[in-house]
Amino acid sequence: MTRGRLILIEGLDRTGKTTQTNLLLEKLGPNAQLIKFPERTTPIGKLIDKYLTERSFELADQAVHLLFAANRWELSHQIEALLRSGKHVILDRYVYSGVAYSSAKGVRGMDLQWCIQPEKGLIKPDLTLFFTTDTAAERQGFGDERYEVEEFQKKVKVKFNDVFKMFENPDYRVNHIKILDVGNKTVEDVAAAVWSLVSDHIATNKSTDFMYF
Ligand code: Z5A
């Protein structure tokens, strides 16, 4: 049996990742499962949620970074089992967010190489769609959580570029990142672009091997 595909929708804040991962789940039907990171209901996820929503709850930046990575490890066996059973797994944010947001803080020593270490060994997505825009801060709900500050989001955007460049390195063997500019596009237009890339990927990629960070 061919394994399921690991499909990641990554991107800047408020670019419509949750909207589009939900629509993609509907399209793929019962043969798919959606997992959103941070997964806020697990023991570690509850701590992350508290950190993001309560500005008085302070944690060292290094500890926060390790919590986000640990949250992915909490779900890693479930993801692998689903893929091996033939189900497609859709991810809403994953490792690239972890590295981009933490390194954008500019904390001494927390560079890209430091940030990637706790992610090593996680399964790599087969296909990553990265949503970018210049207009996300105008969208509803921006500003509710800790990182939703325009200046910080600009730094995150630069870091995502650096992260993807780092993964162009042949050692990482990741060549499945597609960048979609979603600014001023309707939900339906973005959904059509996503479906075109995902359906094409599923139709043409049948490898059974996993790649790992
Ligand atoms: N973070 C981290 O630091 N390290 C990590 O390892 C991970 C995450 C995994 C919470 O993430 C924070 O955690 C996040 C990164 C950090 N901080 N920031 N900033 P989250 O994924 O839980 O955040 P969220 O608040 O649930 O998602 P989001 O990024 O803010 O939004 P979104 O999922 O991209 O967008 P949406 O909810 O689908 O849409 C936003 C609004 O726009 C909504 O009103 C939609 O109806 C509207 N929308 C959607 N599409 C469109 C289009 N095409 N046109 C117009 N309006 C639209």
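From the residues in the range 108-140 that are part of a strand (DSSP E or B) and not aromatic (F, W, Y), which one is surrounded by the most Cβ atoms within 10 Å (Cβ to Cβ)?
Here the answer is L129.
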(message) Restricting to the range 1-57, give me the number of residues that are assigned to a loop (DSSP other than H, G, I, E, B) and buried (at least 16 other Cβ atoms within 10 Å of the Cβ).
(response) 12
(message) Condition first: over 16 Å from the mean Cα position of the chain (by Cα) and of a type in the set (F, W, Y). Now tell me which residues in the range 109-148 satisfy that.
(response) W114, F142
(request) Assess whether S97 counts as being buried (at least 19 other Cβ atoms within 10 Å of the Cβ), touching a residue at least 40 places away in the same chain (Cβ under 8 Å), part of a helix (DSSP H, G or I) and touching a strand residue (DSSP E or B) at 6+ places or on another chain (Cβ under 8 Å). (result) yes
(request) May I ask you to list the residues in the range 1-17 that are of a type in the set (S, T, Y) and touching a strand residue (DSSP E or B) at 6+ places or on another chain (Cβ under 6 Å)? (result) T15
(request) Give the number of residues within the range 71-103 that are of a type in the set (G, A, S) and touching a Cys at 6+ places or on another chain (Cβ under 8 Å). (result) 3
(request) Mind counting the residues in the range 141-152 that are within 8 Å of the ligand (Cβ to nearest atom) and surrounded by 12 or more Cβ atoms within 10 Å (Cβ to Cβ)? (result) 6
(message) Of the conditions (1) more than 30 Å from D134 (Cα to Cα); (2) at pLDDT 95 or above; (3) touching a helix residue (DSSP H, G or I) at 6+ places or on another chain (Cβ under 9 Å), V95 satisfies every one except a single condition; which number is it?
(response) (1)
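The values are calculated or read from the model by the stated rules, or taken from the named source; none is laboratory data. It should be emphasised that the depicted structure is a prediction, and the values quoted were computed from it without experimental measurement. Quick reminder, even Gly has a Cβ in these numbers, built from the backbone with ideal geometry, and neighbours come from all protein chains shown.
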